[in-house]
1. Please go through (1) open to solvent by less than 50 Å² (accessible area, probe 1.4 Å); (2) modelled with pLDDT under 90; (3) over 14 Å from Leu88 (Cβ atoms) for Phe162 and return the number of the only condition it doesn't satisfy.
2. For a quick check of your reading of the model, give me the residue pairs whose first member lies in the range 9-28 and is closer than 15 Å to Val71 by Cα, whose second is of a type outside the set (A, V, I, L, M, F, W, C) and part of a helix (DSSP H, G or I), with beta-carbon atoms closer than 7 Å and at least 6 apart or on different chains.
3. Please verify whether the range 148-156 includes one or more residues that are over 18 Å from Asn188 (Cβ atoms) and free of Cβ contacts under 8 Å to residues at least 40 places away in the same chain.
4. Answer yes or no as to whether Trp205 is open to solvent by 80 Å² or more (accessible area, probe 1.4 Å), closer than 28 Å to Asp83 by Cα and free of Cβ contacts under 8 Å to residues at least 40 places away in the same chain.
5. What is the residue count in the range 14-65 for residues that are among the hydrophobic types (A, V, I, L, M, F, W, C) and not in a strand (DSSP E or B)?
6. Could you list, in sequence order, all residues of the range 169-202 that are surrounded by 15 or more Cβ atoms within 10 Å (Cβ to Cβ), within 16 Å of Asp145 (Cα to Cα) and not hydrophobic (A, V, I, L, M, F, W, C)?
7. Name the single residue that is modelled with the highest pLDDT among those in the range 132-146 being open to solvent by 90 Å² or more (accessible area, probe 1.4 Å) and in a loop (DSSP other than H, G, I, E, B).
Amino acid sequence: PIPIHFTMSQFNHKVDLIIAKAPAYAQPIMLHLRSLVHKAHPAIEENIKWGSISFEYKGIVCSMAAFKAHVSFGFWKAKLMKDADLLLHNQASAMGHLGKLTQLKDLPSDKLLIAYIKEAVLLNEINAKLPLKKKITEQTPISFDPDFIHQLKKHRIAYSHFMAMSPSCKKEYNEWITEAKRPETKTNRINTTIANCDENKSLHWKYKK
């Protein structure tokens with residue numbers, strides 16, 4: 001393979017520290033993904049946002065984070081990408097668009113990943129906009145998924161926590177569940193939501209620090 005040469009300005013020392021402190025299993029995955037991001041586009045810069053590593057060019061392109069048992073990697077505008085259905089399906093249980101990454105062989109091919117990253121860069125270059133989310137107020141009625149509410153009511157503490165959440169938090173969970181394309185994905189999302197609510201956690205609690 002041809003060696004990849006980067007300029008020091010592309011790298012953020014804080015990212016070096018995060019990767020160095022990540023679990024041993026995660027470090028090779030994160031280093032490989034980092035390398036591919038810069039290979040895909042030489043002007044991408046690194047930043048830290050919401051506790052995750054953020055790769056940016058004319059906005060956020062993608063982000064990466066390591067957890068106790070897996071690494072997550074996601075695209076900011078995944079909903080607009082050609083493989084949106086697949087990427088969002090992978091996100092169902094991993095908070096990342098490549099699924100739960102525990103070893104290098106879990107990653108798609110370098111060719112596919114670079115294509116994804118270039119597509120995400122292009123979306124920023126053309127200033128593609130994600131669908132606007134309507135502002136939710138206490139007066140805005142939310143039509144909750146009946147299967148979700150039926151299961152949630154079986155868990156008293158989770159139900160109590162969920163009903164006490166802000167309208168925007170409740171809507172995020174409800175939309176995440178109703179947007180599932182397959183029955184098994186919907187079931188997994190309902191179970192994840194109930195587990196999170198039992199601990200009074202919002203949908204994106206892992207990224208809020």
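1. For Phe162, the exception is condition (2).
2. Going by the 7 Å Cβ cut-off, the qualifying pairs are Ile19/Gln27.
3. yes
4. yes
5. Going through the range 14-65, the residues among the hydrophobic types (A, V, I, L, M, F, W, C) turn out to be 15, 17-20, 22, 24, 26, 29-31, 33, 36-37, 40, 43-44, 48, 50, 53, 55, 60-62, 64-65.
Now narrow it down to the ones that are not in a strand (DSSP E or B): 15, 17-20, 22, 24, 26, 29-31, 33, 36-37, 40, 43-44, 50.
Selection size over the range 14-65: 18.
6. Of everything in the range 169-202, those that are surrounded by 15 or more Cβ atoms within 10 Å (Cβ to Cβ), within 16 Å of Asp145 (Cα to Cα) and not hydrophobic (A, V, I, L, M, F, W, C) turn out to be Lys170, Lys171, Glu172, Tyr173, Asn174, Thr185, Lys186, Thr187, Asn188, Arg189, Thr192, Thr193.
7. Residues of the range 132-146 open to solvent by 90 Å² or more (accessible area, probe 1.4 Å): 132-135, 138-139, 141, 143, 146.
Narrowing the set further to residues that are in a loop (DSSP other than H, G, I, E, B) leaves 132-135, 138-139, 141, 143.
On the way: Leu132: 73, Lys133: 65, Lys134: 59, Lys135: 58, Glu138: 50, Gln139: 56, Pro141: 71, Ser143: 85.
Among them, the one singled out is Ser143.
Residues checked against (1) surrounded by 16 or more Cβ atoms within 10 Å (Cβ to Cβ); (2) of a type in the set (D, E, K, R); (3) at pLDDT 95 or above; (4) more than 24 Å from Thr192 (Cα to Cα):
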position	(1), (2), (3), (4)
Phe73	yes, no, no, no
Lys79	no, yes, no, no
Ala84	no, no, no, no
Gln91	yes, no, no, no
Ala94	yes, no, no, no
Leu98	yes, no, no, no
Leu101	yes, no, no, no
Pro108	no, no, no, yes
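The values are calculated or read from the model by the stated rules, or taken from the named source; none is laboratory data. Given the structure is predicted, the values throughout are model-derived calculations rather than measurements. Cβ atoms come from the backbone with ideal geometry, glycine included; neighbour counts cover every protein chain shown. SASA here: full protein model, heavy atoms, side chains in, ligands and nucleic acids out. Shrake-Rupley method; radii C 1.70, N 1.55, O 1.52, S 1.80 Å.
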